[in-house]
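One structure is given here, and the rest of the page talks about it.
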Amino acid sequence: MKHADDILLISLKQGDMAAFDELYFRYAKKLMAFSLTFLADQQLAEEAVQEVFVRVWERRKKLDETKSFKSYLFQAVKFYMYNYIRDRKKDCSLDDLSVDCLVASNNQEDDLTYSEMEGMVMELIEKLPKVQKEVFKLNKLKGMNSDQIAHQMNLSKRTIEHHIYLASKSLKKNLLHNPTLNLIIFFNIFF
């Protein structure tokens, strides 16, 4: 039986290993794929995910079940990878450029910054129909589940799920037509 993240977080805060395992198996593969968008290093990606979940366990009593656990995990992996890249950049020199350093470099001519990409995605979200946009933001950006949104908006759960589906489908379609975006990052964050 699949439990909502907030219920699992309450159990996790009390030291429930089964809740921890369920959260781990729910998010580990997605976090791996996300970390591989920074550097194509399988071992580093595994290390990042393991480190994030070790920190989750160590800090379980401080977790806030009212906030999106998924967002928390992706932010943690992102910061782990940024810190790794930052630390590796110090080791890079023009004479000894490795593939990792090339990937880590911030080539402004070729790559959009994360904030620019995020801005482009937010523009696409803003173009969604009013209800789809509101439902999508509540679900993906604020971490609310379908039941919570249905209650807040006074709509059926099925209607909310349908709006989330339509919004996701529309955004994926628009993102696929924009080759300048790093689609993997945003698919992992928003879908």
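The values are calculated or read from the model by the stated rules, or taken from the named source; none is laboratory data. All values derive from a computational prediction rather than experimental measurement. When we count neighbours, we look across all protein chains shown, and the Cβ atoms used for this are built from the backbone with ideal geometry, even at glycine.
Considering only region 50-60, I want to know if a residue exists there that is surrounded by 13 or more Cβ atoms within 10 Å (Cβ to Cβ), in a helix (DSSP H, G or I), touching a residue at least 24 places away in the same chain (Cβ under 8 Å) and of a type in the set (Asp, Glu). Checked against the condition, which is being surrounded by 13 or more Cβ atoms within 10 Å (Cβ to Cβ), in a helix (DSSP H, G or I), touching a residue at least 24 places away in the same chain (Cβ under 8 Å) and of a type in the set (Asp, Glu), region 50-60 yields at least one hit. Residue under question is Lys142, and the condition is that it be loosely packed, with under 15 Cβ neighbours inside 10 Å and either under 21 Å from the mean Cα position of the chain (by Cα) or closer than 21 Å to Tyr72 by Cα (or both); does it hold? For Lys142, the condition - loosely packed, with under 15 Cβ neighbours inside 10 Å and either under 21 Å from the mean Cα position of the chain (by Cα) or closer than 21 Å to Tyr72 by Cα (or both) - is met. Within region 1-45, the residues that satisfy the criterion of being assigned to a helix (DSSP H, G or I), surrounded by 15 or more Cβ atoms within 10 Å (Cβ to Cβ) and among the acidic types (Asp, Glu) are Asp5, Asp6, Glu22. Of the candidates Asp87, Asp91, the single residue that is at pLDDT below 80, out of contact with any Gly (no Cβ under 8 Å at 6 or more places or on another chain), assigned to a loop (DSSP other than H, G, I, E, B) and acidic (Asp, Glu) is Asp91. Helices (runs of 4 or more DSSP H) fully within region 105-191 that include at least 2 residues being at pLDDT below 70: 114-126, 157-176, 183-190.
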